[in-house]
Amino acid sequence: MNPEQVDNSISGQGILISFYGDDFTGTAATAEALTQSGLPTVIFTEPPSPSYLERHFPRVRAVGISGTARTLPAKALPQVLSPVFVSLKAYQSPIYIYKVCSTFDSSKNVGNIGRAIELGSEIFSPDFIPILPAAPKLGRYTIFGNHFAAVGDGEVFRLDRHPSMASHPVTPMGEADLRQHLSHQTKLNSGLVNILEVAEGPQRINSRIDEHLAADAALIFFDCLSDEDLNTVCETVFKRTYGARSLFFVGSQELGYGLTAALRQTGVLSTHAGFDPAEKAGEDRGPILVVSGSCATVTGEQILWAKNRGFHDYPIYPQNLLDPAQRSTAREHLVASAIDMLNEGKSVILHTAIGPDDERIPSMNRTIDQLSLTNSEANDILGGELGAAVLEILSGSAVKRVAISGGDTAGRIQKMLQVEALQISRSIGIAAPLCYVYSRLPEINGLEVAFKGGQIGSPDYFNQAERARTLDFKAAALGEI
């Protein structure tokens, strides 16, 4: 990923796409989509100024801000999101994205997408807000307004019958009709361009948008079953708005593919412009540290796969990390065990659950009740303890690569690692890439970290992350902090 490989036809165009990701794993997946599509992309944990980008990352053409809005109380969103949206607007991009999880899980009280949309509308002042949560490459589809998601590479479920999402511990999805679901989070009216209308092409799509706008629908959902549907919607919406009003698009990480294609189709981005995200083999990085705070079925299968093939398995009991009386001892034990195994050359998995039926989950919930904690407070404590453990393990071992599973977990751990920016290192399957870390902590700067959503990846994902060969950070970096 040599910066000199960036095509000169991209240079000097400024920031073409600016985006905020509502969790860390999804932000990385969006950056992966943009990078694979040819846009040099860097993610920041705090919005840099335009002048900072010009000085330190002049070749970057897409900028992401990683966040935790997916897990925040609705009342906290204005204070968190509005300043970020103002900063994004200063980049004067033709496209702004609010990246949501491709399962659209959210609620009135936690991770309120409707409130986030209202705040974005106030800042960006778009004519309307397109919403496309589908991610066909990942097995996420919207048909006649109802959302569907695959379990790994297997069976596709309507969202309210999905084995993990229907019973998500924080934002259970009891409604698959996305308009109906969002109506509990915002008073803004919504419309739908259904799959049959999308298939008819741009003229029909624009006609339906006009009809919805005439009916005072500020939010317009788009059905999507395939990459072709995604590209059609993105190109149509971009052509409609480019040069006129801001495009504030809400959707999954795969908007990165569709909107970069739209930039090319409309001539904003040269069809010859390209950016190769490390085709060279690179080097082996040795054993990997895996930290999982996910209770998803897919991650549970991945943990078992790795455990049965030689990874050292260390079960974490969340109730012990939550309890002030046991916290310190519990962390000391897991850190010592991980360091011993890593220094013996064995990869290590630390996990708080193996699937949604793990007995540790009800035990944790009882402890949360006993300590009178909110879910958000409990997640903050667990994330802080896991982050502190990772720092201690990195200091006591020579590990060069970490995989973190669970978007909520990833967002909290990255704060402990003092991550300032991320750049895609190498893709592993879909939507869970390895990233180079930019940090002012010497032991963290240049570390490779994979941020993986709980529902993402094949059964052998952790093995792939362990064995992937990558370029040295100094040779690959797009800029410096």
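Here, each number is a calculation from the coordinates, and none is a lab measurement. Given the structure is predicted, the values throughout are model-derived calculations rather than measurements. Ideal geometry is used to build each Cβ from the backbone, glycine not excepted, and the neighbour counts take in all protein chains shown.
Here are the numbers:
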{"item": "Net charge of Cβ neighbours under 12 Å - reference Ala166; Lys, Arg +1; Asp, Glu -1", "result": "-1"}
{"item": "Spatial separation of Cα centroids for the range 141-167 and the range 306-347, in angstrom", "result": "33"}
{"item": "Loop-resident sites, the range 337-402, for GluC sites (Glu not before Pro), counting at most 16 other Cβ within 10 Å (DSSP)", "result": "Glu344, Glu359"}
{"item": "Rounded FRET efficiency, nearest 0.05, which uses the C-beta distance separating Asp227 from Lys307 and R0 of 25 Å", "result": "0.10"}
{"item": "Under the span-like rule (Cα at least 27 Å along the axis, Kyte-Doolittle mean at least 0.0), DSSP H helices of the chain", "result": "375-396"}
{"item": "Counting all C-alpha pairs of the range 60-199, share separated by more than 26 Å (%)", "result": "26"}
{"item": "Ser167/Leu188 FRET efficiency (R0 30 Å; Cβ-Cβ; nearest 0.05)", "result": "0.60"}
{"item": "Estimated FRET transfer efficiency when R0 is 41 angstrom, pair Glu344-Ser372 (beta carbons, to 0.05)", "result": "0.50"}
{"item": "Identified option (computed Kirkwood radius over Cα pairs in Å; candidates (1) 22.4; (2) 24.2; (3) 24.9)", "result": "(1)"}
{"item": "Greater than 24 Å apart at Cα, pairs in Lys137/Lys452; Lys346/Lys452; Lys346/Lys415; Lys187/Lys452; Lys99/Lys187; Lys346/Lys400", "result": "Lys346/Lys415; Lys187/Lys452"}
{"item": "Which of Arg412, Arg208, Arg309 has the fewest Cβ neighbours within 10 Å, and the rest in rising order", "result": "Arg309, Arg208, Arg412"}
{"item": "DSSP-assigned coil residues among GluC sites (Glu not before Pro) in the range 414-481, each with at most 12 further Cβ atoms within 10 Å", "result": "Glu443, Glu480"}
{"item": "Convex hull volume per residue in cubic angstrom - Cα atoms of the range 3-265", "result": "117"}
